[in-house]
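Undergrad: Below are the C-alpha cells for one structure; questions will follow.
Throughout, read-outs are computed from the coordinates displayed, never taken from laboratory work. Everything quoted here is computed from the prediction, not taken from an experiment.
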Amino acid sequence: MGVEAMVIFINGTVGSGKTTAADAMGKMFEKKRVAHAIIDLDLIRWAWPAAPDDPFNHELELANLSSLISNYTAAGIEKFVLAGVLEDAREIPRYKEAVGGRPLVIARVTADETIRKTRIRARHERDSSVLRR
C-alpha cells in the first residue's frame, strides 16, 4: 500500500447528494490523472432476499467492499471514494478493516429537506409506490 493510498467516505442521508459529490470527486481525480475508483455502497449491498440476520445487507456490503478494494488494488488503484450511509459511528472500524486499513476520511454531506425530497421524487418517478413506504 503506497503512501498515497486513501479512502474518502462520503456519508449522508438519502437524497443528500452523496453520489453527486462522489461523481464530482471522480471527475476531479480524472482531470488530475489520478487513478481511483468510485464505489456506491447502496449498489454493492443491493440483493434480494436479504439474509434474516442481515435485513439491510450491511454484512454483505462490507464483504463486497473488501473484495472490491482487493480487486481494485490488484489493478493499481490506491484512491477510493465511497458513497453511502454510515448509520453508526461504531461501524467505522469495520469499514476501515474492509478497506484494508487504509486512511479513512469521512465527509458528511447535507441538503435541505426540500432538495432531498425533490431528488428522491425524481429518482423514483417511474415507481411512485416506493415513495409511499
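Undergrad: Expected output is a single nm value to one decimal: the length gained when fully extending between Arg90 and Asp54, i.e. 0.36 nm times separation in residues minus the C-alpha distance. What is it?
TA: Length gained between Arg90 and Asp54: 11.3 nm.
Undergrad: Return the sequence-ordered ³J(HN,Hα) values of segment 22-37 in whole Hz as given by the Karplus equation 6.51 cos²θ - 1.76 cosθ + 1.60 applied to θ = phi - 60°, using x for Gly and Pro.
TA: 5, 4, 5, 5, x, 5, 5, 4, 4, 4, 8, 6, 9, 5, 7, 9
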